[in-house]
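Derivation of every value follows stated rules applied to the coordinates shown; laboratory data play no part. Given the structure is predicted, the values throughout are model-derived calculations rather than measurements. We place every Cβ from the backbone using ideal geometry, glycine too, and count neighbours over all the protein chains shown.
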Amino acid sequence: MTDSRGAARGTLAAEGTDARWLVALDIDGTTMQEDGTISATVISEIQRLTLEGHEVMLATGRSSAATLPVLARLGITPSFLVCSNGAITLMRDEREPSGYRRGRIESFDPSGVLTTMRSHIGNARFAVEDEQGHYRFTEIFPDDTIGDDSEQVPFEDLLVHLATRVVVISPDHEMEEFLAVVDRMGLHRVSYAIGWTAWLDIAPDGVNKATAMERVREDLDIPRHRVMAVGDGRNDIDMLLWASEQGRGVAMGQAPDEVLEAANETTAPVHGDGLAQVLATL
């Protein structure tokens, strides 16, 4: 792993202060601490970069409904938001009440993966996000993870709607044990932990934060060498690899080893304001 911060600063200086960077930030464990707080230093650095003309945006596993309130706390209005691990990209539209409209949507039939998961982990809790951002879930999920647009339904009702993602949590499993079960099932998956339980996201094949961010980059016409992505979870691995190819892929200090290996930079843990530290180098 190498540290490319000095090279990045030099490149920006050579190209002039008007050279924009595309900065993609994960939320949980990166921008936001586990207790839901966002430090004033992090907010200040994000707003500084935005005012200087850089495109600072969120790329998260959260639903759009759970992402927009975080954006409001940061006080920024980027052109795009990547939600649901890349399955949904929101585009800025001031005509909409929320300020954003749903742009690109990737969906799949969740019935096969749901029935397979249930046969292996029958006591898990399941949720499905549909193309409109509405969640149907079998049992109560942790607060602030799936948003207000949701309803509790029987398991069978999850099988009949196209999904942008399937969410599975298993309070009875440790994360590594949970992942081992899923790996044995041979499912395409994106996974990460939230606090007290094992959490699993299953996305459409070939869809992740990196695929969504590359489309955003193309739309904004920002060169690959001026992209930065910062994350801490396994669902950030593809995005960190994408950013590291020519730009800056930054892993938070508390990230698992496989996330650290995907990045070409590391910063301090979230509790040490690692995000603010790395943003300060731009």
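For every residue, the table says whether it meets (1) crowded, with 16+ Cβ neighbours inside 10 Å; (2) in a helix (DSSP H, G or I); (3) out of contact with any Ser or Thr (no Cβ under 8 Å at 6 or more places or on another chain); (4) on the phi > 0 side of the Ramachandran plot.
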{"position": "LEU114", "(1), (2), (3), (4)": "yes, yes, yes, no"}
{"position": "ARG118", "(1), (2), (3), (4)": "yes, yes, yes, no"}
{"position": "ASN123", "(1), (2), (3), (4)": "no, no, no, no"}
{"position": "VAL128", "(1), (2), (3), (4)": "yes, no, yes, no"}
{"position": "GLY133", "(1), (2), (3), (4)": "yes, no, no, yes"}
{"position": "ARG136", "(1), (2), (3), (4)": "yes, no, no, no"}
{"position": "ILE140", "(1), (2), (3), (4)": "no, no, yes, no"}
Go through segment 146-177 and give me each residue that's closer than 13 Å to ASP130 by Cα and not in a loop (DSSP other than H, G, I, E, B). SER150, GLU151, ASP157, LEU158, LEU159, VAL160, ALA163, ARG165, VAL166, VAL167
